[in-house]
1. Can you tell me which residues in the stretch 53-68 are part of a helix (DSSP H, G or I) and either touching a residue at least 60 places away in the same chain (Cβ under 8 Å) or under 18 Å from Trp13 (Cβ atoms) (or both)?
2. If you go through the stretch 100-140, how many residues are hydroxyl-bearing (Ser, Thr, Tyr) and over 23 Å from Thr78 (Cα atoms)?
3. Go through the residues of the stretch 222-234 one by one and say whether even a single one is part of a helix (DSSP H, G or I) and surrounded by 13 or more Cβ atoms within 10 Å (Cβ to Cβ).
4. State yes or no: is Arg91 crowded, with 18+ Cβ neighbours inside 10 Å, charged (D, E, K, R) and either assigned by TED's automatic domain parsing to the domain that holds Tyr113 or in contact with a Leu (Cβ under 9 Å, 6 or more places away or on another chain) (or both)?
5. Any residue in the stretch 103-124 that is assigned to a loop (DSSP other than H, G, I, E, B) and either touching a strand residue (DSSP E or B) at 6+ places or on another chain (Cβ under 8 Å) or surrounded by 21 or more Cβ atoms within 10 Å (Cβ to Cβ) (or both)?
6. Out of the stretch 168-183, which residues are within 26 Å of Tyr253 (Cα to Cα), among the charged types (D, E, K, R) and part of a helix (DSSP H, G or I)?
7. In the stretch 75-108, how many are within 14 Å of Tyr45 (Cα to Cα) and in contact (Cβ under 8 Å) with a residue 12 or more places away in the chain?
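The values are calculated or read from the model by the stated rules, or taken from the named source; none is laboratory data. Given the structure is predicted, the values throughout are model-derived calculations rather than measurements. Note that we place each Cβ from the backbone using ideal geometry, even for glycine, and neighbour counts take in every protein chain shown.
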Amino acid sequence: MNKNRRIKEPDFWKFAKKFLHIYLPKIRNLSPNTIKSYKQGLTIYINYLKSELEIERCEITFDHFTREMIKNYIIWMTETKKWAVKTCNLRITAIKSFLEYCAAEDITLVSVYNDVSSIRNLKEPKKTIKYMSTNSIKALLQAPTTKTIKEKRNRMILILLYDTAARAQELVDITLHDLHISNVKTPFITLKGKGNKYRNVPLMAKTLKHLNIYIEGFHTIKSKGESPLFYSIRDGVPHSLSTDTINLIVKKYSAKARVNCNEVPEYVHCHLIRKTRAMNLYQQGIPLSIIMEMLGHESTATTSNFYAFATVEMIHEAIKKIVPESCDELPIWGNINFSDIRYTLD
């Protein structure tokens, strides 16, 4: 054996390729959108090395993933690019996840991962969760008319978005095969969520009634199970709607609803409808564990971060239930000289 043979260092680009094209899609079974986010996170850091440190792509090694370099990268994101805290944390997470994978594949990279993983994500300021009022969500669902075929379809889209708390991508992925509404005690729909994980969401009676009418008008007995629930006709063939189309539909009818209800927010999007449904369930006393299952969150922590907070109204109603009746009486102050009290307090 040639003891003088040079030990070859791990190739950054080979690890990056296997991480993005094998590990994430085939081992982790993550969705294309999630993989795209990881890829973007690594790409931005690589571009940072080139633009700020003048390190060419072909020269990049794991030596460029030190704790100090990542800390400087974070400063660059926050102070130079002025990106939001959430965006910066996504970029940091992408790098940490990549290095964690590399460390598991090659023991010589464990120290690199340990060095970077100790860097904490930026603290995100807590924001009040925005959601639509009862009047505004009602106005939105009633905005589409039933005068045209497209209007009927769009109304069903809005109803199902709210009732199932589905993401836009989950909605366009629904096929007839995903509907379980016949010969079952509790009708439900199967949604394909992030990471290709499936979940079943029950359908409420009113939604089921609308859905049956929609299917009768938009699907025939000959419709195949893999046929998209919502579609548009192109070249005589039904095609699944895009998420952009769903977003345009929401934007169109929110503007229309705002004319009749000034409570409708200026910017309504699919995720706002999803959060509104979750908040409505939470306000009605539904346990977080059930809301978590409905939303397709992997952990209760994710659900808690978004929805587990009490609004002023909820606190007020809770206190009203436990306040003794005697507290409703007006205070009996008697003849008190308030100027004396002020001097005493001073």
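1. Answer for the stretch 53-68, where residues must be part of a helix (DSSP H, G or I) and either touching a residue at least 60 places away in the same chain (Cβ under 8 Å) or under 18 Å from Trp13 (Cβ atoms) (or both): Leu53, Arg57, Cys58, Glu59, Phe62, Asp63, His64.
2. Here the count works out to 7.
3. No - not one qualifying residue is present in the stretch 222-234.
4. For Arg91, the condition - crowded, with 18+ Cβ neighbours inside 10 Å, charged (D, E, K, R) and either assigned by TED's automatic domain parsing to the domain that holds Tyr113 or in contact with a Leu (Cβ under 9 Å, 6 or more places away or on another chain) (or both) - is met.
5. So far as the stretch 103-124 goes, no, none of its residues is assigned to a loop (DSSP other than H, G, I, E, B) and either touching a strand residue (DSSP E or B) at 6+ places or on another chain (Cβ under 8 Å) or surrounded by 21 or more Cβ atoms within 10 Å (Cβ to Cβ) (or both).
6. Glu170
7. Within the stretch 75-108, residues that are within 14 Å of Tyr45 (Cα to Cα) and in contact (Cβ under 8 Å) with a residue 12 or more places away in the chain number 15.
A quick yes/no check of all residues on (1) in a loop (DSSP other than H, G, I, E, B); (2) at pLDDT 90 or above; (3) within 27 Å of Ser289 (Cα to Cα):
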| site | (1), (2), (3) |
| --- | --- |
| Ala166 | yes, yes, yes |
| Lys185 | yes, no, yes |
| Lys206 | no, yes, yes |
| His210 | no, yes, no |
| Lys256 | no, yes, no |
| Tyr267 | yes, yes, no |
